[in-house]
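Below is one structure, written out as structure tokens; comments come after it.
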Amino acid sequence: MVKTDAELVKAVLDGEKQMFAELVRRYERPVRAVALDILGDYHLANDISQEAFVKAYEKLVSLRKPQAFGPWLMKIARRCSIESVRKNSRAANLATNNAAIAENPNGRLDEENQWLLAAVMKLPKAEKQVVMLHYFDQNGVRDVAKIVGRSVGTVTKQLSRARIRLRKILERSEK
Amino acid sequence: MTAKNNIDEKLENLSHAIGSDDKFVENVMSRIEAKSTSNLSKTNPQNIWSNIMKSPISKLAAAAVIVITFIIGLNNFQFSSPVYAMTDLPELFGQAKVIHIKGQRHFNLTDKGQKVPPQPSERWIDLENERFRFSNITVNAGPEEVNFIIRETISDGQYKMILNHADKTAIFYKMSDLQKRLETNASLNHLYFGHLFPNADILNEFSRTGKEEIDGIMYDTWECEVRESPLRINRYKYWLSRTGNSGRFQSWYKNIGQPLKFVDDNDEQHIISFDDDSQSPWRLGCDFDRIECGIEIPEDVFMLKVPEGYTARNTKENAVIQELGVQDRPYLTNLRLTPRVSFTLSDGSVILAWHSEDSESTASQNELFENLEFGCALPKLPIEIYGLRPAGWIWTGEVTYLGRHLVYTKRDEKFIEWSLYVPDNPAPNSSQILGYDVLYKYNIENKPEGTMGLTVDYGMYIDTKEEFNKWVLGAMAELSDDGKAPEGVTYEKVLRLAQQIRESSAN
């Protein structure tokens, strides 16, 4: 039985710490996607994603709306990634990183995927969340609906709109 | 290709490119755990004490500050530090990469009250590298003496060596990837439910009863008593520090019932004697005084070295991969029934792979498996496992697991039937340790006389689609000549079938 984000958050706050592992499993790829979009480097993104989850766990008590866990977590991931860029004295280190990544094709997304990921990140918050849960975490539409606490119809519509938006963004980028 | 499909495909490619990390969840939870522990040590009064003593303020002022700060420190300690309870044990064990327990098992076997010496018991599990080492004790209690046969299994992650300490022999097997995972997992399962607790729910029964110090570490003591059956009560005691270290585990039992007369399916009467005095003493069952997680592994623990004076039946070099569930159980010379591997699903139903053949029959089993559909009646093999029931005579409830066919695989000319067994009532937790008794019937003309007792393991517990795909489908692939699981078997489909069987048996 799929638990909603809100149910999992509540369980964690009630002391069932192991429930947080389910949230980590659920949002692993979406969070890595956010980090990867900003950092470009898979390994760094993986590390920053872990950091984002740890921060989320520590701040969970401050989350006012448990049902908004997903978008809230994405914000933390984004902030952690930007902070990492700052810390690593942006210009010099990123140049070095990119040089290293270029030699390691597994460490970086190819150009098409970079464009697509950037496009996903530009989606409205609600659509971005369902796209990530559906495509990145391979949940069925019903499960996504349950996770985010929306109806199946709403999620289906949001996915459909997101596909149209993504197509338009990609078409524009190809021109 | 439609625009929708195009975007779908691109997003799926992107998801694949983003990738996932098998250890990601574990790493995050470890980092959280490490932070919790470090927060704990930051608020530890001893640290505060030591920091304050380094302060350059005057003694008098220091004394005042010490008192105030110490009180604040204690309050912080009480309200913000993690304090582990028994219900945290699975998580604590789950985070460990290495687990070691060592102690003794005690036996009070004979009606004559013979004293038999306690037997050493030890288990190592290296979860990261899928290595394990443990011993099994088989007890033969005769009227005059009690014999123990101790077998030790040691795996170095590639091979396993089984040492029989009774006849001083050693045998090597190569292990497939699936076997390594299955057996490492089974070893962890046996640690929980074989060495320590009879089931998972018992952790909720423990209450904190006091504090005791062992080797300079202060532990909370946790205790509970559980009535295992109408005839027996068990008592458990666990030493758990507030920082999550395990110190010791002991269990006792007390027989409280009258002698039990037991009549089996063939009207044969067995009498099992018990103390008829409800005031009988508590008897120590086991005492594990070393329970360690995440420790350094001594160099020789997983070394496959045949001890001096032992005869090796083969070598690592010519060891073969042992097929899953190879322990053939010949009942008569020509009839065989072999359970191969079992899994218990989250809804309590059981998937069991089994094989049965009549070696004197020349007829192919092809036709028995032709036209079988998912969810239909079981194939009429020479001996048919038509159902299961919770193992152990202590179970007095009425639960029967009814079998249906899922799929079959074929390996080395043998047909292996994969059946689903669904309980018609809630199953007892005792199955986790005791497994399931096999209910069988003969589908041959000359039925042999007598009965055989056959028990299958609880097996691996499967509660997610991912685990199902990894373990169940992995086992099906391993028991197939083509190395592939049959198509169309999914976790959801199996759970749906189980639900249908439950509904139809309720009507």
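Read-outs throughout are calculated quantities, based only on the coordinates presented, and are distinct from any laboratory measurement. The structure displayed is predicted, hence computed values, not measured ones. Cβ sites come from the backbone with ideal geometry, for glycine too, and all protein chains shown count toward neighbours.
Computed values, structure above
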quantity: Cβ-based net charge around B:Asp156, under 13 Å, with every Lys or Arg adding one and every Asp or Glu removing one; calculated: +2
quantity: Highest to lowest packing among B:203-209, A:47-53, scored as the average C-beta count within 10 Å; calculated: A:47-53, B:203-209
quantity: Summed side-chain charge close to B:Lys211 - residues other than B:Lys211 whose Cβ falls under 11 Å, Lys, Arg +1, Asp, Glu -1; calculated: -1
quantity: Per-residue mean of C-beta atoms belonging to partner chains within 10 Å, peptide B:19-26; calculated: 6
quantity: Partner aspartates and glutamates for B:Lys174 [C-alpha distance under 17 Å; skip if fewer than 8 residues away on the same chain]; calculated: B:Glu130, B:Glu152, B:Asp156, B:Glu183, B:Glu317, B:Glu323, B:Glu478
quantity: Shielding by partners - mean other protein chain Cβ count within 10 Å, residues of A:129-137; calculated: 3
quantity: Within region B:156-193, trypsin sites (Lys or Arg not before Pro) in DSSP loop having at most 14 other beta-carbon neighbours inside 10 Å; calculated: B:Lys168
quantity: Links that overshoot a 19 Å alpha carbon limit, given the list A:Lys128/A:Lys157; B:Lys316/B:Lys414; A:Lys55/B:Lys97; A:Lys65/B:Lys23; A:Lys55/A:Lys146; calculated: B:Lys316/B:Lys414; A:Lys55/B:Lys97; A:Lys65/B:Lys23; A:Lys55/A:Lys146
quantity: Within 10 Å of each Cβ in A:59-65, the average number of Cβ atoms from other chains; calculated: 0
quantity: 32 Å Cα-Cα threshold exceeded, pairs from B:Lys380/B:Lys465; B:Lys102/B:Lys441; B:Lys441/B:Lys493; B:Lys237/B:Lys465; A:Lys125/B:Lys180; A:Lys75/B:Lys493; calculated: B:Lys102/B:Lys441; B:Lys237/B:Lys465; A:Lys125/B:Lys180; A:Lys75/B:Lys493
